[in-house]
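See below for the structure under consideration.
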Amino acid sequence: MLITQLKSKETIESLAKGKTFIINCHGCKEVYFAEHEADTLQKELCEAKEVAQIVTTDYICNPDNLALQLKKHKDTIEACDTILVFSCGVGIQTVADMFTDKHVYSCCDTYPLPGFQGVTPLNVDCGQCGECYLNFTGGICPITACSKSLVNGQCGGAKNGMCEVDKDMECGWERIYRKLEKLDKLDTLKYEPKVRNYWNPNEEIEDKQ
Amino acid sequence: MRITELFDKGEFVVTAEVGPPKGVEIDHLIKDAHEYLKTRVHALNVTDNQSSVMRTGSLATCKVLKDEGLLPIFQITCRDRNRIALQSDVLSAALLGIENLLLLTGDYTTLGDHPQAKPVFDLDSVSLTHAVKRLEEGFDLAGNEVDGTPPKFAKGAVVSPCSDSVDVQLAKMEAKVKAGTEYFQTQGVYEPEKFFSFMEKAKQFGVPVQLGVIIPKNVGMCRYMNANVAGVHVPDDMIEELKKDKERTKSGDVGVELCAKIIKECKDHCDGVHIMSLGWENRIPEILDLAGVAPVK
Ligand code: SF4
Ligand code: SF4
């Protein structure tokens, strides 16, 4: 069971650059989604920003399903600069994987709750880190794509683009860098040092219950 | 003394690497340090469970070397300690008068002799540098005040100039400089051309860089590094040279000459040299002589 929390309104507003397409994923019983808050926030976004369309669908973590659901919006998406995704980390990564030439941003942070994880993802994974980094890393999850879950860039261990820990695995930070390079967005890597937060507030809620 | 003071004075800073033993017999290390290194290098890096192989601690070894009148550089990796232990060890270093740090992410646990161990990586080289800087400003990573006069260190880091993804490495280098890195030591260089073009790009950060060299002992070692060690590539002609004269290679002479040649070629392009001798400390004076690097005191 996962829980997704919306990022702050300021953060989400700052992400909605240019023509924006919004995708909500409500499908999965395993994820608690802040439906009502997202709805209110998106209404405000429509007034302040250039929102082309809002689509609410399900199981976007499945690439085939995602492609099917978005088929009729193909032209609208084509004309957009940015895609904002309100879903768990897996959903966002699946969208980012599908639209490699768009700026795909995550509007939620994903936390774990005890229980089992929902639909098993095929290509991407979310470690439910609670402070989604995808907006800094071109939609590739540094927690699961890097063996050391590094959040401040590549370690010295990559050889021929492969990871020092597993020579059959492409270095996650190499992928992140190449993706941002392709999007001409390498500047997003120039952030202040990030320190991870391992304190999960939801665990305390669970404890108290 | 902080080695940043030497860079500031415009010295060509020479350092070498020593690895604590697996055990507490350290006499041999001290003897070698006195015999071969004391008058030839400014400071000695002490590795932190290098290659994820468990050994005696870096900090304790630094203190022993300091008491022997040598200048140690305390290497700290993020592999084995969380942010509480790391910050605590940094303060302990200050308490013991260790003023030089080299801050690393660290090799993964499975590369060493305890592959079952829990890899920590709570921080990484960048956030650890940031944490040390915060301590110098009088605060810990959680924002709590540190009592008394804050410590002051020379904060070093590493970079890989011959990496096959040198642009990704340069991005990381920039992040390190931003976080507070004051000097760099590089991964072992065997390709001067690549080093020159790296230095061209690294210049913009305005931070001193020491060329890193690893003595190429023999063909087997070079082949091993080419296959397994990130950012290191020994070119074919160098391997050929090691192959040619088996007797001289066996005695180490060819490797020593090749190493000196790299330093000689690169020394005008950087601010110092860092020698990784992997047990061949006794050859360091010869290498520096051949490379035309004068004794330090
Ligand atoms: S950064 Fe990765 S682990 Fe963290 S919420 Fe996003 S997808 Fe999940
Ligand atoms: S080689 Fe790449 S994926 Fe592997 S630990 Fe280092 S940065 Fe992460």
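Please treat every number below as a calculation from the coordinates, not as lab data. Keep in mind that this is a model prediction, so the values were computed, not measured. With ideal geometry, Cβ positions are generated from the backbone for all residues, glycine too; neighbour counts draw on all protein chains shown.
Here is how the numbers come out for the structure above:
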| read-out | value |
| --- | --- |
| More than 13 angstrom apart: percent of Cα pairs within region B:245-297 | 60 percent |
| Order of A:4, A:76, B:4 under a 10 Å beta carbon neighbour criterion, fewest first | A:76, B:4, A:4 |
| Under 25 Å from residue B:267, Cα to Cα: lysines that are on another chain or at least 8 residues apart | B:9, B:38, B:155, B:172, B:176, B:194, B:201, B:203, B:217, B:297 |
| Region B:91-110-region A:29-78 distance, computed between alpha-carbon centres (Å) | 47 Å |
| GNM flexibility winner over chain B from B:156, B:206, B:106 (Cα, springs under 10 Å) | B:206 |
| Segment residue B:68-residue B:268, extension gain: residue separation times 0.36 nm, minus the distance between their alpha carbons | 68.8 nm |
| Of A:195, A:95, A:31, the one that fluctuates the most in a GNM where chain A has Cα springs shorter than 10 Å | A:195 |
| Segment residue A:185-residue A:170, extension gain: residue separation times 0.36 nm, minus the distance between their alpha carbons | 3.3 nm |
| Along each principal axis, Cα extent of chain A, largest first, Å | 47, 46, 34 |
| Relative exposure of A:173, B:280, A:199, judged by other C-beta atoms within 10 Å (fewest first) | A:199, B:280, A:173 |
| Amide H contacts of residue A:55 (H built 1.01 Å from N, under 5 Å, at least 5 apart or other chain) | A:22, A:23, A:24 |
| Computed [θ] at 222 nm, helices only, for chain A once each DSSP H run of length n ≥ 4 contributes -39500 (n - 2.57) | -9000 deg cm²/dmol |
| Tail weight of P(r) past 16 Å, computed on alpha-carbon pairs of region B:120-222, percent | 63 percent |
| Largest to smallest principal axis extent of the C-alpha atoms in the protein assembly as shown, angstrom | 74, 54, 41 |
| Chain B, relative contact order in percent, only Cα pairs under 8 angstrom and at least six apart counted | 19 percent |
| Amide H within-cut-off set for residue B:209, under 5 Å, with H built and near neighbours excluded | B:184, B:271 |
| Rel. contact order, % - alpha carbon contacts under 8 angstrom, at least six apart, chain A | 20 percent |
| For residues of A:187-198, the mean tally of beta carbons on other chains within 10 Å | 5 |
| Inter-probe distance in nm under a simple model that places probes 7 Å from Cα toward Cβ, at residue B:39 and residue B:85 | 4.2 nm |
| Gaussian network model of chain A, Cα within-10 Å springs - most flexible of A:149, A:106, A:14 | A:14 |
| Linear extension gain, residue B:278 paired with residue B:147, 0.36 nm per residue minus alpha-carbon span | 43.2 nm |
